[in-house]
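The values are calculated or read from the model by the stated rules, or taken from the named source; none is laboratory data. This is a predicted model, so every value here is computed, not measured. Cβ placement follows ideal geometry from the backbone for every residue including glycine, while neighbour counts extend to all protein chains displayed. Just the protein is used for accessible areas: all its heavy atoms, side chains included, with ligands, DNA and RNA removed. Shrake-Rupley method; radii C 1.70, N 1.55, O 1.52, S 1.80 Å.
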Amino acid sequence: MNGIYRPRDGRVIAGVCAGLARRFGMTPWTVRLLALLSCLLPGPQFVAYIVLWIMLPNERHMARTY
């Protein structure tokens, strides 16, 4: 499957970081660490995470479209 989706396995909170990691070929812990470090910078990082949580489909929903 191409694209970004929230996987069923490897979730910690919502699977957003795990989905981004799979899409870009990184480990989920690297993406989680980068997300955590980005929260030290000013900006709407928490809002972006919540928006991605709502917008990214679950892995099972992606499988039904084929």
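Quick check on residue 10: is it open to solvent by less than 60 Å² (accessible area, probe 1.4 Å) and over 11 Å from the mean Cα position of the chain (by Cα)?
no
Within the stretch 13-34, is even one residue open to solvent by 60 Å² or more (accessible area, probe 1.4 Å), at positive phi and at pLDDT 90 or above?
Looking through the stretch 13-34, at least one residue is open to solvent by 60 Å² or more (accessible area, probe 1.4 Å), at positive phi and at pLDDT 90 or above.
If a residue has to be in contact with a helix residue (DSSP H, G or I) (Cβ under 6 Å, 6 or more places away or on another chain) and hydroxyl-bearing (Ser, Thr, Tyr) to count, how many in the stretch 28-48 make the cut?
1
Applying the selection to the stretch 1-23, what residues are charged (D, E, K, R), over 20 Å from residue 46 (Cα atoms) and part of a loop (DSSP other than H, G, I, E, B)?
8, 9
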